[in-house]
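The values are calculated or read from the model by the stated rules, or taken from the named source; none is laboratory data. Just so it is clear, the model here is predicted, and its values are computed rather than measured. Every residue, glycine among them, receives a Cβ derived from its backbone with ideal geometry; neighbour counts consider all protein chains shown. Just so you know, the surface numbers come from the protein's heavy atoms only, side chains and all, with ligands and any DNA or RNA stripped out. Shrake-Rupley method; radii C 1.70, N 1.55, O 1.52, S 1.80 Å.
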Amino acid sequence: MSINLKNRNLLTLKDFTKEEILYLLDLAEDLKKKKKAGIFEKNMLNKNIALIFEKPSTRTRCSFTVACIDEGAHPEYLGKNDIQLGHKESVEDTARVLGRMFDGIEFRGFSQQVVEKLAEYSGVPVWNGLTDDDHPTQVLADFLTIREHLKRLENIKFVYIGDGRNNMSNALMIGCSKVGLDYTIISPKQLYPSKELVEQCSDFAKLSSGSITITDDIENGVKDADVIYTDVWCSMGEEDKSAERIKLLSPYQVNSKVMAATGKPQTIFMHCLPAVKEKEVTSEVFESSQSVVFDEAENRMHTIKAVMVASIRG
Ligand code: CP
Ligand code: NVA
């Protein structure tokens, strides 16, 4: 089956098949190899890309910027105080203006509805660089990293520990259920994901032979894990919840005891970053040989490049 992702948005991996996700990973692997060999095909020569950021970013912003320049495109950073989006101008109007000038739009912000509206009205591919609900480009980087380290993307017990209803946990549940991994969320009951999303992902998992488990039992949950993943306890925009989250999530810290409880010395530790060390993860685990966090960070760039190339290649 030949895959063609030309003109496609990436708003959420819900919209992608397993084959399309694997295609993006293969393309990223190829582009990564080529970059390391000094080969730059300039697949996006003379394209202009708008990068809208309502929230701060290191990895996502730099990945889009470097990927654009590697491929011959021009990236234009539009920070929250630089444009009128949603303040002096409706999202629909800004989308139509940007669509007349740019060949693709990245959006990082709060609302998933805004990224959906940008896609609906701009007429050019739109890529979700993180919203309150989802973070699909991070999941592609995570899958590429798993494939590199574990040499497979099947028969994997993927355990996410921490805030079980944030954008990362949601995005990983969507991605894992699409490609057929066994996804476990370990979280206090107060932070379980929404029923609606779990039901939707359970349907994806039925198709892919994956599974979804949600528990607050750390010891049983981490047993046999191939991947232990965590994320910050307070996502961007939730800083006022810090005290409450520390209280709720301290027992869910990823430390050497948790890593040992997998029973597998080869379990890898993953984190989308930025990390708050000694909160969701100890420095010991973060700096250990099981930690692959900087490979993940690098792979953001190669996978984001693949997403853009696949949808707007010249
Ligand atoms: N992982 C991630 O999205 O990092 P940034 O917030 O730095 O972009
Ligand atoms: N859950 C985190 C992810 C950062 C990449 C946040 O939204 O802040």
task: Please verify whether the stretch 206-224 includes one or more residues that are touching a residue at least 60 places away in the same chain (Cβ under 8 Å) and open to solvent by less than 10 Å² (accessible area, probe 1.4 Å).
output: yes
message: Among the numbered criteria (1) out of contact with any Lys or Arg (no Cβ under 8 Å at 6 or more places or on another chain); (2) open to solvent by 40 Å² or more (accessible area, probe 1.4 Å); (3) touching a residue at least 12 places away in the same chain (Cβ under 8 Å), which one does residue 294 miss?
response: (3)
message: For a quick check of your reading of the model, give me the residue pairs whose first member lies in the stretch 269-288 and is more than 20 Å from residue 57 (Cα to Cα) and assigned to a strand (DSSP E or B), whose second is open to solvent by less than 20 Å² (accessible area, probe 1.4 Å) and within 16 Å of ligand 1 (Cβ to nearest atom), with beta-carbon atoms closer than 6 Å and at least 6 apart or on different chains.
response: 281/230
field: Subset tally (residues that are more than 18 Å from residue 23 (Cβ to Cβ) and not small (Gly, Ala, Ser)) for the stretch 139-186
entry: 23
statement: Exception for residue 250 within (1) assigned to a helix (DSSP H, G or I); (2) over 23 Å from the mean Cα position of the chain (by Cα); (3) surrounded by 14 or more Cβ atoms within 10 Å (Cβ to Cβ); (4) of a type in the set (S, T, N, Q) falls at (3)
- request: Would you point out the residue of the stretch 82-98, among those that are among the small types (Gly, Ala, Ser) and surrounded by fewer than 20 Cβ atoms within 10 Å (Cβ to Cβ), that is modelled with the lowest pLDDT?
  value: 86
- request: Show the residue pairs that are 6+ apart or on different chains and have beta-carbon atoms under 6 Å apart, the first residue being within the stretch 49-66 and closer than 20 Å to residue 116 by Cα and open to solvent by 30 Å² or more (accessible area, probe 1.4 Å), the second being more than 9 Å from ligand 2 (Cβ to nearest atom) and of a type outside the set (Gly, Ala, Ser).
  value: 54/80
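Yes/no per residue for (1) closer than 13 Å to residue 309 by Cα; (2) of a type in the set (A, V, I, L, M, F, W, C); (3) under 23 Å from the mean Cα position of the chain (by Cα):
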position: 28; (1), (2), (3): yes, yes, yes
position: 31; (1), (2), (3): yes, yes, yes
position: 59; (1), (2), (3): no, no, yes
position: 64; (1), (2), (3): yes, yes, yes
position: 69; (1), (2), (3): yes, yes, yes
position: 98; (1), (2), (3): no, yes, no
position: 103; (1), (2), (3): yes, no, yes
position: 113; (1), (2), (3): no, no, yes
query: Which numbered condition trips up residue 39, out of (1) surrounded by fewer than 19 Cβ atoms within 10 Å (Cβ to Cβ); (2) over 19 Å from the mean Cα position of the chain (by Cα); (3) touching a residue at least 40 places away in the same chain (Cβ under 8 Å)?
result: (3)
- prompt: What number of residues within the stretch 60-81 satisfy the criterion of being within 25 Å of residue 300 (Cα to Cα) and modelled with pLDDT under 95?
  reply: 1
message: Looking at the stretch 73-90, I want the residues that are touching a residue at least 12 places away in the same chain (Cβ under 8 Å) and have a partner that is assigned to a loop (DSSP other than H, G, I, E, B) and of a type in the set (A, V, I, L, M) with Cβ atoms under 8 Å, at least 6 apart or on another chain. Which pairs are those?
response: 73/44; 73/45
